[in-house]
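Taking it in order: structure first as structure tokens, then the write-up.
The values are calculated or read from the model by the stated rules, or taken from the named source; none is laboratory data. Just so we're clear, the structure is a prediction, and the values are computed from it rather than from any experiment. FYI the Cβ positions are ideal-geometry reconstructions off the backbone, even for glycines, and counts take in every protein chain you see.
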Amino acid sequence: MAIEFTKYQGLGNDFILIDNRASSQPMLTPQEAIKWCDRHFGIGADGVIFVLPGLEGTDYTMRIFNSDGSEPEMCGNGIRCLAKFIADLEGRSTQSLRYRIHTLGGVMSPELRPDGQVTVDMGVPRLLAKEIPTTLTAASEKVINQPLEVAGKSWNVTCVSMGNPHCITFVEDVAAIPLAEIGPQFEHHSVFPQRTNTEFIQVVNRNYLKMLVWERGAGATMACGTGACAALVAGVLTGNCDRQATVELPGGPLEIQWSEVEQRVYMTGPAVKVFTGTWY
Ligand SMILES: N[C@@H](CCC[C@H](N)C(=O)O)C(=O)O
């Protein structure tokens, strides 16, 4: 069987996009997604994203498999790529288009802007321990600057769900973080029953954060959109930053805003088509 795909990237966080509009089930299994994502024996990507028919009155549904075959609820860089992919599939100009996308993390709304950037309404962050989920504190409490023992060290962590789980810790210098060593220890820590994404944040100033990320199911990636949103929310909750900031990732910057009135988070960044292909 031959399957058409398109490769996209958002700040180096790369995805294989598949037109799955003819069915409400993803056309690949998690095991096939692992093969496709393999950087030596496959196409190479951090995840595979499927565009399915919209559920509950939305325009489309997004499903995604991480490169380890697990299925996350949401993906920030991925939804920007998905919006560009849909505009391409529909043959529409990319001038000021807006979609409502159903995800396992809630309904998200990406808008393609005339300057080529994509702004996504990422919804309202969830902060209660049961919503992350984490057992770090009582189910209906928030986790803000709580100590967590990892790799023989105590880290002050703040937990935020952007549909998917994030554990954020503020550090002096991101360059000094041994990411490959400690990232998996956060991801698989027993206080995170569904594992977690982890962000290490250096505050340059109240409107500029530097971020390193270890993603659940994908490891060290060049960027994480939901992670950048969670980092800004954690920065506001801990008094480290303002409600609007640039988050600099290894793959480049994202602009993040957490609105005071409706409490919604907005993320702006690029999404770029890399190539199309056919998998046999
Ligand atoms: N890179 C993504 C997040 C992808 C999902 C994540 N690995 C998880 O398992 O939650 C982003 O840009 O948000």
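For region 21-47, filtered to residues that are closer than 26 Å to GLN117 by Cα and free of Cβ contacts under 8 Å to residues at least 40 places away in the same chain, the residue that is surrounded by the most Cβ atoms within 10 Å (Cβ to Cβ) is ALA45. Listed here are the strands (runs of 3 or more DSSP E) enclosed by region 181-280 that have at least 1 residues being within 13 Å of the ligand (Cβ to nearest atom): 197-205, 208-215, 244-249, 252-258, 265-269. Scanning region 77-135 for residues that are in a strand (DSSP E or B) and over 27 Å from PRO193 (Cβ atoms) yields a count of 10. In the set VAL174, VAL118, VAL160, which member is at pLDDT 95 or above, within 20 Å of THR221 (Cβ to Cβ) and in contact with a Phe, Trp or Tyr (Cβ under 6 Å, 6 or more places away or on another chain)? Result of the check over VAL174, VAL118, VAL160: VAL174. Just one of the numbered conditions (1) closer than 22 Å to TYR266 by Cβ; (2) more than 9 Å from the ligand (Cβ to nearest atom) is not true of ALA176; which one? Unmet for ALA176, out of (1) closer than 22 Å to TYR266 by Cβ; (2) more than 9 Å from the ligand (Cβ to nearest atom): (1). The combined condition, being under 23 Å from THR268 (Cβ atoms), surrounded by fewer than 16 Cβ atoms within 10 Å (Cβ to Cβ) and charged (D, E, K, R), is fulfilled by ARG113. Annotation: GLU56 fulfils all but one of (1) within 23 Å of ILE3 (Cα to Cα); (2) at pLDDT 95 or above; (3) surrounded by fewer than 20 Cβ atoms within 10 Å (Cβ to Cβ); the unmet one is (1). Among the conditions (1) among the basic types (Lys, Arg); (2) closer than 21 Å to GLY225 by Cα; (3) out of contact with any helix residue (DSSP H, G or I) (no Cβ under 8 Å at 6 or more places or on another chain), LYS153 misses just one, which is (2).
Residue-level analysis places LEU82 among those that are of a type outside the set (Asp, Glu), under 30 Å from CYS37 (Cα atoms) and within 16 Å of the ligand (Cβ to nearest atom).
Residues in region 42-63 that are within 7 Å of the ligand (Cβ to nearest atom) and not small (Gly, Ala, Ser): ASP46 only. Selection of first residues in region 49-77 that are under 11 Å from ARG216 (Cα atoms) and of second residues that are buried (at least 17 other Cβ atoms within 10 Å of the Cβ) and among the acidic types (Asp, Glu), restricted to Cβ pairs under 7 Å at least 6 apart or on distinct chains, gives the following pairs, ordered by first then second residue: SER67/ASP46.
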